[in-house]
1. What are the residues in region 217-271 that are in contact with a helix residue (DSSP H, G or I) (Cβ under 9 Å, 6 or more places away or on another chain), free of Cβ contacts under 8 Å to residues at least 40 places away in the same chain and not in a loop (DSSP other than H, G, I, E, B), if any?
2. Could you tell me whether V178 is assigned by TED's automatic domain parsing to the domain that holds A250, surrounded by 23 or more Cβ atoms within 10 Å (Cβ to Cβ) and among the aliphatic types (A, V, I, L, M)?
3. Can you report the number of residues in region 198-207 which are part of a loop (DSSP other than H, G, I, E, B) and touching a helix residue (DSSP H, G or I) at 6+ places or on another chain (Cβ under 7 Å)?
4. Could you please find all residues in region 395-430 being more than 29 Å from H103 (Cα to Cα) and touching a helix residue (DSSP H, G or I) at 6+ places or on another chain (Cβ under 9 Å)?
5. What's the total number of residues in region 1-37 that are surrounded by fewer than 20 Cβ atoms within 10 Å (Cβ to Cβ), hydroxyl-bearing (S, T, Y) and within 20 Å of N117 (Cα to Cα)?
6. State yes or no: is E130 assigned to a helix (DSSP H, G or I), more than 26 Å from E352 (Cα to Cα) and touching a Lys or Arg at 6+ places or on another chain (Cβ under 8 Å)?
7. Based on what the data block shows, is A200 crowded, with 16+ Cβ neighbours inside 10 Å and within 24 Å of E327 (Cα to Cα)?
8. Please verify whether region 374-394 includes one or more residues that are part of a helix (DSSP H, G or I), in contact with a helix residue (DSSP H, G or I) (Cβ under 7 Å, 6 or more places away or on another chain) and surrounded by 15 or more Cβ atoms within 10 Å (Cβ to Cβ).
Amino acid sequence: MGKYFGTDGFRGEANVDLTVEHAYQVGRFLGWYYGQENREKRCRVVIGKDTRRSSYMFEYSLVAGLTASGADVSLLHVTTTPSVSYVVRTEGFDCGIMISASHNPFYDNGIKVINGNGEKLEERVIEKIEQYLDGEMGQIPLARGENIGRTTDFAAGRNRYIGYLISIATRSFKNMKVALDCANGSASAIAKNVFDALGAETHVMNNEPNGTNINADCGSTHIRHLQKFVVEQGCDVGFAYDGDADRCLAVDSKGRLVDGDVIMYICGKYMKEQGTLPHNTVVTTVMSNFGLYKAFDREGIRYEKTAVGDKYVYENMSLNGHGLGGEQSGHIIFSKHATTGDGILTSLKVMEVILEKKQTLEKLASEVEIYPQVLKNVRVKDKKAAQEDEAVQAEVAKVTESLGDDGRILLRQSGTEPVVRVMVEAPSMETCEAYVDQVIEVMEKQGHFAG
């Protein structure tokens, strides 16, 4: 991770950590950089944004920087991160930008940059952007005369993405009652259209964004509301997205959560049965549950583990030719169809298994016995110092020894926030809670808590 860009872009509180000046400079660099990459044609960049209030401000700042460097910019307006990735790789853009802080509160925002292949930007380019932001590259020339860029509307690109999603479905959703929680975010403009077009009886909640209600007690990070809604409405299944709709969690008809791990099992097993799981392997992160691996072992499905972040999952998949990977949080990648996590696509693939196998989601999910897990986020002054503190590490070693082969503990720095995540899996929730609190108490005693 760099000084400004974490595992998922440049993210922080709008006009505090991430300012309009930052956005303008990022635009200036990208317009110049991709213009230098191919001098034979004008640089073309596509921009999408989520529904938070500051997204408009950053959109205009990025456009100013890009066009001042000679790039032409196409605006998708409010859309999802995976739709930007799709449009970049299918419409010949040099790069794409998504303005979003994903699942963060509305007052945060972020700049995600996507390369010409629809993948998250290479580290070598990110390093150059950061050098420019820190004034280490000198001045970038301003475009003049006819070389100044222009901005055009490209809402048609979002519509093409909607059509693409609809084309992926293998069966009609007729007679299926589906609930969608759009988190008052990007999915509000797309998800219902897709499910309606496929014939579902669609019940939608949290799809009235006002600029400040994105992720506010809704969406995939507050799943309890969808759980209640599915039961009350008598739905067969429910899907919850995050702010930019690159995540999806599911809920069965009884209101029980089906997280990213279980979704990977359901889809991985189905793909193996269909002969469409390349190398018989699913790519997970170190945060995936013990129960998932036990279920994979039982079904004879291999797995590989990466660092946390769908960026790392995709890198592994791309390098090794794997077809399915993801995170417990609901970032699921189907590499045949997408180069990033895509929440709406994930919900369509889950629907495919339900319909093709003629089984309920609760029946499909019942094959995975998930270990109790407790994950707590500790807001700290310095992530690295807190995690590497000798007393903290000694306590982690003590917990590891106590758990033995019946569980595990994991400390991980957030890639986007000043947070250290403490996670324990064990045979009982009480054991998990006790060990997590034990480690957090040491972190507090060592003075790592942020004020």
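The values are calculated or read from the model by the stated rules, or taken from the named source; none is laboratory data. Note that the coordinates shown come from a computational prediction; the quantities given were computed from them, not determined experimentally. Virtual Cβ from ideal backbone geometry, glycine too; neighbours counted across all protein chains shown.
1. Selection gives L257 alone.
2. Numbers: assigned by TED's automatic domain parsing to the domain that holds A250: yes; surrounded by 23 or more Cβ atoms within 10 Å (Cβ to Cβ): yes; among the aliphatic types (A, V, I, L, M): yes.
Yes; evaluated as a whole, the condition is true for this residue.
3. Adding up the residues that qualify gives 3.
4. Within region 395-430, the subset more than 29 Å from H103 (Cα to Cα) is 395, 397-406, 427.
Answer for region 395-430, where residues must be more than 29 Å from H103 (Cα to Cα) and touching a helix residue (DSSP H, G or I) at 6+ places or on another chain (Cβ under 9 Å): E395, K398, V399, S402, L403, D406, P427.
5. Qualifying residue count for the region: 2.
6. The answer is yes for E130.
7. no
8. The first filter runs over region 374-394 and keeps only residues part of a helix (DSSP H, G or I), leaving 383-388, 390-394.
Subset that is in contact with a helix residue (DSSP H, G or I) (Cβ under 7 Å, 6 or more places away or on another chain): 386, 391-392.
From what is left, the residues that are surrounded by 15 or more Cβ atoms within 10 Å (Cβ to Cβ) are 386, 392.
Yes; the residues of region 374-394 include at least one that is part of a helix (DSSP H, G or I), in contact with a helix residue (DSSP H, G or I) (Cβ under 7 Å, 6 or more places away or on another chain) and surrounded by 15 or more Cβ atoms within 10 Å (Cβ to Cβ).
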